[in-house]
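Novice: A single structure is presented below for examination.
Every read-out reported here was derived from the displayed coordinates using simple, explicitly stated rules and does not represent laboratory data. Here the structure is a predicted model, which means the values were calculated and not measured. Cβ sites come from the backbone with ideal geometry, for glycine too, and all protein chains shown count toward neighbours.
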Amino acid sequence: MLLSIAEIFGDFGLKHFARTGLQSSLAAGSLGYVGVVYFLIQALKTGNILYVNGMWDGMSALLESIAAYIILGERLNTPAQYFGLASIIIGLYMLSKGGIAK
C-alpha cells in the first residue's frame, strides 16, 4: 500500500511538473519515486518479485485510478475500461489468497 501511495505522489508531482514546469513539482515527484525505491526494497524483504510486482501493479492501478477520478476529475471513455478496473480488484483478491509468496 505504501509503495503505491509513494508512486501516486510521484506521478501527480511529475504530471504537474510536465504541465507547469514548476521545479517544486519536479522535486515532489522525484521524492515520491525515492519513496517507491525504499518501499519496494522493504516489500521484497518479505515477498518474491512475482508476488510483490503483481500486488504493487494492481494496487497502484486501483488507488491511482481512484485518486485521479476524485482529485483530478479524470474519466475513462468506455464501460469496458471501468470493467478492466473491476477486474484488477478481482486479481488483487486472488493474489492475496494464500498469503505472501516467498
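Novice: Give me the distance in nm between label points sitting 7 Å out from Cα along the Cα-to-Cβ direction at Glu64 and Leu26, one decimal.
Specialist: About 2.1 nm separates the two model spin labels.
Novice: Per-residue HN-Hα couplings for segment 5-18, Karplus 6.51 cos²θ - 1.76 cosθ + 1.60 at θ = phi - 60°, whole Hz, x for Gly and Pro?
Specialist: Calculated HN-Hα couplings, in order: 5, 4, 5, 4, 4, x, 4, 5, x, 5, 5, 5, 4, 4 Hz.
Novice: Would you please give the FRET efficiency between Asn48 and Ile88, computed as 1/(1 + (r/R0)^6) with r the Cβ-Cβ distance and R0 = 30 Å, to the nearest 0.05?
Specialist: Efficiency computed from Cβ-Cβ geometry: 0.90.
Novice: What FRET efficiency, computed as 1/(1 + (r/R0)^6) with R0 = 22 Å and r the Cβ-Cβ distance, is obtained for Ala101 and Leu40, rounded to the nearest 0.05?
Specialist: On the way: r = 16 Å, r/R0 = 0.72.
With R0 = 22 Å, the Cβ-Cβ based efficiency is 0.90.
Novice: Right, something else. Take every Cα pair under 8 Å in the chain that's 6+ residues apart, average their separations, divide by the length, and report that relative contact order as a whole percent.
Specialist: The value is 30 percent.
Novice: Go ahead and estimate [θ] at 222 nm for the chain from helices alone: -39,500 (n - 2.57) per DSSP H run with n ≥ 4, summed, over the residue count, rounded to 500.
Specialist: That calculation yields -27500 deg cm²/dmol at 222 nm.
Novice: Is the shape of segment 2-96 best called rounded, prolate or oblate, per the rule: a/c under 1.5 gives rounded, else a/b larger than b/c gives prolate, else oblate, with a ≥ b ≥ c the square roots of the Cα gyration tensor eigenvalues?
Specialist: oblate
Novice: Related question: How large is ³J(HN,Hα), in whole Hz, for each residue of segment 25-39 in order, when computed from phi with the Karplus curve 6.51 cos²θ - 1.76 cosθ + 1.60 and θ = phi - 60°, using x for Gly and Pro?
Specialist: Going residue by residue, I get 6, 4, 5, 5, x, 5, 4, x, 6, 5, x, 4, 4, 4, 5 Hz, with x marking Gly and Pro.
Novice: Write down the radius of gyration of segment 13-63 and its Dmax, each obtained from C-alpha positions, in Å.
Specialist: 13.6, 39
Novice: Cross-link candidates for Lys97: which aspartates and glutamates have Cα within less than 20 Å, leaving aside residues fewer than 8 places away along the same chain?
Specialist: Reachable aspartates and glutamates: Asp57.
Novice: Still on this structure, please answer the following. How far, in nm, would the chain grow between Arg75 and Lys15 when pulled straight, counting 0.36 nm per residue and subtracting the alpha carbon separation?
Specialist: 20.0 nm
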